[in-house]
Amino acid sequence: MANRLVDFHCHLDLFPNHEEEFKQCAQQQIEILSVTTTPRAWKRNKELAAGNGLLRIGLGLHPQLVAEGHNEIELFEKLLHETRYVGEVGLDAGPQFYKGYDSQRKAFERVLRMCAEQGDKILSVHAVRSIGEVLRQIEAHFPPGKGKAVLHWFSGSKSEVKRAAELGCYFSINAEMLRNDQRREIVLSIPKERMLTETDGPFTQVAGRPSEPSDVAMTLTELAEILNVDVKGLNLQILKNLAVLESA
Ligand code: MN
C-alpha cells in the first residue's frame, strides 16, 4: 500500500495497444482512474478492467465530442447507475470547440444534476478556458454533499484554486502543470490535502512516447521537489487524499 502510485486521470482505452496496456496495469501496484470519452466505450472498458481491484473506470461524455455533435447523454443517463466514477466530463471553450459551447453547457449541467440526484459520485472534470463556468455549475448543481469533483489538468488562477477548494474540489496534477514557474506557482497554492496525481496518458508525452500510468512516479518526484517535501511523505499524503475522497 505504502508504495502505490496514483494516476487519477488517464485513458487506457485510447492507447494504440490498449489491451496490452490494461494487462500491464493489472501487474502494477497503481491506483488508477481510467476515464472514457463516450458512454459507448463503457461496457468494453469494464470488461477489460475486470479483476483489477486498483483500476476504476469512469463513465464519460467528453466536452470536445459533445461540441462536435456526438451527444450521447441518453446512453450516459442509462448507464450512470452502474458506476461511482464519472469522467471525462466538463467544458472546453478553446477556439476549436467554442461553437459547441452551448450544447456542452447543457450536457454538463444535465450530467451534474443526474450525478447529484443519484449521489455518491466522483467526477473527473475537464475545464479548458472555462473554469469559471465549471465552478459556477458545480456550485449550482453539484455542491458539497452531493458528490465530489476532481479538477483534471487545472489551468486556472490562484483565486480559482481557492474557489474550487471551497467547493470541495480535488485537483489531479500532471507533469504539464509543473512545466514552468508560473504554473508551479499555481500548483503551490493548491491545498495539500486536495492533491492527487495523474498522467492524462496517452495525451501527454514522456521522452517522445505517450505517458503511461507508471510515469506518474516522475510527476510525484517533481511535485515533491517543488513543494520541498520528501517523496515518500507526499506519496502517503496523496494516498490518504484518495482514501478521503473515496470515503462516503
Ligand atoms: Mn483526458
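Classify the range 1-117 as rounded, prolate or oblate from the Cα gyration tensor: take a ≥ b ≥ c as the square roots of its eigenvalues, call it rounded if a/c is under 1.5, otherwise prolate when a/b beats b/c and oblate if not. In terms of gyration-tensor shape, prolate. Membrane-span-like helices in the chain, defined purely by DSSP H runs whose alpha carbon atoms cover 30 Å or more axially and whose average Kyte-Doolittle hydropathy reaches -0.5, do not occur. Here is the list for the range 148-224: chymotrypsin sites (Phe, Trp or Tyr not before Pro) lying in DSSP coil, each with at most 16 other C-beta atoms within 10 angstrom of its C-beta, are Phe203. Given axes a ≥ b ≥ c from the Cα gyration tensor, I'd like to know whether the chain is rounded (a/c under 1.5), prolate (a/b larger than b/c) or oblate. Note, shape of the chain comes out rounded.
Scanning residues 5 or more positions from His9 or on other chains, those with amide H under 5 Å from its amide H are Leu33, Thr199, Asp200, with H placed 1.01 Å from N in the peptide plane. For the chain, DSSP calls about 5 percent of its internal beta bridges antiparallel. You can think of it this way: the chain between Val229 and Asp120 has 36.0 nm of extra reach, that is 0.36 nm per residue less the Cα-Cα gap. Placing dummy labels 7 Å off each Cα toward the beta-carbon, the span from Arg183 to Arg113 is 3.6 nm.
Accessible surface of the range 171-248, 1.4 Å probe: 52 percent of it comes from carbon and sulfur atoms. If you sort Glu246, Glu74, Glu47 by accessible surface, 1.4 Å probe, largest first, the order is Glu74, Glu47, Glu246. Subtracting the Cα-Cα distance of Glu246 and Lys192 from their residue separation scaled by 0.36 nm leaves 17.8 nm. Using the Cβ atoms and a cut-off under 11 Å, what net charge is assigned to the surroundings of Glu82, where Lys and Arg are +1 and Asp and Glu are -1? Every neighbour counted, the sum reads +4. A simple spin-label model places pseudo-atoms 7 Å from Cα toward Cβ; at Gln28 and Ser155 they are separated by 2.5 nm. Taking a ≥ b ≥ c as the square roots of the eigenvalues of the Cα gyration tensor, the range 67-161 is classed as oblate, since a/c reaches at least 1.5 and a/b does not exceed b/c. Computed extension gain for Arg136 through Glu166, at 0.36 nm per residue and net of the alpha carbon distance, reaches 9.6 nm. Based on protein heavy atoms only, the chain ends up with 45 Å² per residue of surface accessible to a 1.4 Å probe. Springs between alpha-carbon pairs under 10 angstrom, Gaussian network model over the chain: which of Glu166, Glu31, Glu139 fluctuates most? Maximum among the listed residues: Glu166. So what's the gap between the Cα centers of the range 1-47 and the range 97-174, to the nearest angstrom? Answer, in whole Å: 22. Counting protein heavy atoms only, the range 4-143 has 48 percent of its accessible area on carbon and sulfur, 1.4 angstrom probe.
The values are calculated or read from the model by the stated rules, or taken from the named source; none is laboratory data. From a predicted model like this one, the values you see are computed outputs, not experimental measurements. Don't worry about glycine lacking a Cβ; one is built from the backbone with ideal geometry, like all the others, and counts go over all protein chains shown. The protein model used for the area step is the full one, side chains on, heavy atoms only, and it has no ligands, DNA or RNA in it. Shrake-Rupley method; radii C 1.70, N 1.55, O 1.52, S 1.80 Å.
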